[in-house]
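To start, the structure itself, in structure tokens.
What follows is calculated from the coordinates using simple rules that are stated; it is not laboratory data. Quick caveat: nothing in here was measured; it's all calculated off a predicted structure. When we count neighbours, we look across all protein chains shown, and the Cβ atoms used for this are built from the backbone with ideal geometry, even at glycine.
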Amino acid sequence: MILTEDRLQDLLDKSLTELPPGTDWAVTLEGSIAEGFGNPSSDIDFLLVGRCDDDLPTMPSLLFVDGRRVEIRTRTVRQLTDQFQAVEEGAERPGRLSEDLLNRCQRVLHSHPLRGHALIEEVKATLPVERFRRITADWWAHRARQSLRHATALLCLGEREEAVDWTRAALVQSVKSWAAGLGETYLEPKWLSMQLDRAGRADVRDRYWELEAAALGPADAGAAQEHLTACLDFAEDLGLTGVPRQPERLTVERRAGVTTWQTGERVHVIRGRQDVFALGDDAGAVWRSLVLGRPLPRVLADTAGSGVTDPGPLLAAFLRYGLVRLAWKGGGTVTPALPLAAPPGPVTPPPSTAQPLLSVRGAAVGGPRAIDLMPVPADRFAAAAMALVWSNVVVENAVEDLTGALRRGQWRVAELTARRAVHAALRGLASAHGVNPLPADSDLVRRTDLLPATTRSIGVRAGELLRLGVHSAKEGDALLTELRLFIVLVRGAMGADSFPFSFDSADTWRATLQLGHDWLRIGAHLGAELPIEEARDLLTGNGAQPHRSP
């Protein structure tokens, strides 16, 4: 670890003085420092474990002790046992296993006890680490298969750049599955470079980085297919089964709750009795040509008969918006997902600005290939607002992590952390324009086509930043400078210029909590989905941290 035992005990003593007295805690260090990673900006993550009967809050308290940021989480033995049991029960269906739950269990199992060692070890024994390795490996493997199948479909539809990004996501997920089987179960990918070094297989590590570098090259159809094939070969060599070699096994299926209504020549598609999409002439022709339940290549051939040029991207948009679904024969719906990103599911674009909105012939649309959403309901507005606040918190956290990584010369960590900041900024930009649920992070840079034309330059700049590498201190400093300028640009476009520097001090963190709480009240009133589970504790506590003394 980068901190000595004496230093950790000193930080713990000082942290405990800020908590209400009277509880006898066992304490363990979790997170990146306990894993053997970390840098000067890394949190000190203390987990306090007690035998009390009442449920303890999920949300951590954030303290500032001797120039270090300290997170205090509390759990009862029963709460931890329930978490481990839930992971074991969900192991048979890894696609439904919560990333947050898996991450919480992983942090405990790989934690470093500081006090009450016997109680900490008793809790850990609830789920043997060897069993957890297998569960985590299966969880990553499931996600890798989903991403590879999705990438295969996107290539068929002519969405080459997006296909390359999902291939890249599958590459990470495949190697994380392999590494988890060797004990490297830490979920967040930003420390992947160190995990691969520690795994002791230079051949796997070097092949991974070669394929990762190849993903940044030109994305013409031939290169994209060649890269996908190489990643499929690599995944199979790592032991991944069920990888897609036959696009014919992908089928386009009906989505529950989606109905079609035509007024004159205008096609309206209603999703879930709530969202109405108005289709332009070309989009409507492609929609009417769909024969669902058939293999994707055949469906694409059918749409070619609609007379519409390049129908693939329109069919991809129908999939993206959840108007139809993609399935794998014998494997259910294809639902790709990325770690530490927006949850998988249908994308909702911003509302149409066409005026007048309606005529006797149907809704107005922006053009022949338009798939325009009518104005969003109030609960989605609130959810987008909460996502906007949370994305800015993530940006602040990522910039701080990047600064720490550069100080330590952790170039790979710096690259991944910078990408996280760019993706979080783009999530905020999309949320500010009413996009909710959000696209996957890898798709955000292209989904600026959902936003006003004035934001397109931001998407271009984001694409440039996502391709920047770091191999030296000079390159790292340049990346940090460009990233800060990018964040200023994005925040200006989404009206977040005055967002507090969340992690600078107790005062700025308190201001961030208050800002989040103001939006949470509206969201809770409307029954909107909260951005993270901890938000419930913030709401219950009227904007205050759960573990601070009055």
I'd like the FRET efficiency for ALA118 and THR403, computed as 1/(1 + (r/R0)^6) with the beta carbon distance as r and R0 of 45 Å, rounded to 0.05. 0.70
Tell me, what ³J(HN,Hα) does each residue in segment 12-22 have, in order and in whole Hz, if you take phi through Karplus 6.51 cos²θ - 1.76 cosθ + 1.60 with θ = phi - 60° and put x for Gly and Pro? 5, 4, 5, 5, 5, 5, 8, 9, x, x, x
Calculated from DSSP H runs of 4 or more alone, at -39500 (n - 2.57) each and per residue, what is the 222 nm mean residue ellipticity of the chain, nearest 500? -16500 deg cm²/dmol
In percent, what relative contact order does segment 378-540 have, based on Cα pairs under 8 Å that are 6 or more apart in sequence? 31
Once the Cβ-Cβ distance between ASP233 and HIS471 is put in as r, and R0 is 41 Å, what FRET efficiency do you end up with, to the nearest 0.05? 0.90
Extending each Cα 7 Å along its Cβ direction at GLN274 and ALA202, get the distance between those two points in nm, one decimal. 5.5
Magnitude of the charge dipole, the chain, Cβ model with Lys/Arg +1 and Asp/Glu -1, debye to 20: 1320
What's the longest bit of the chain with no exposed GluC sites (Glu not before Pro), using DSSP loop states and at most 11 other Cβ atoms within 10 Å as the test? 266-550
Estimated FRET transfer efficiency when R0 is 25 angstrom, pair ALA223-ALA478 (beta carbons, to 0.05): 0.35
How high is the relative contact order of segment 237-388, in percent, counting Cα pairs under 8 Å that sit 6 or more residues apart? 28
Taking amide H positions as placed 1.01 Å from N in the peptide plane, with prolines and chain starts having none, which residues 5 or more places from ARG69, or on another chain, fall under 5 Å of its amide H? ILE44
Using only Cα atoms and rounding to the nearest 10 degrees, what angle (0 to 90) does helix 129-156 make with the longest principal axis of the chain? 20
Using amide H atoms built 1.01 Å from N in the peptide plane, name the residues 5+ places from THR185, or on other chains, whose amide H lies under 5 Å from its own. none
Once label points are set 7 Å from the Cα along Cα→Cβ at both GLU18 and LEU489, what is their separation, rounded to one decimal in nm? 3.6
Long-range amide H partners of CYS52, meaning residues 5 or more apart or on another chain whose placed amide H is closer than 5 Å, are VAL77
If I take every Cα pair under 8 Å that is 6 or more residues apart in the chain, average their sequence separation and divide by the length, what percent do I get for the relative contact order? 14
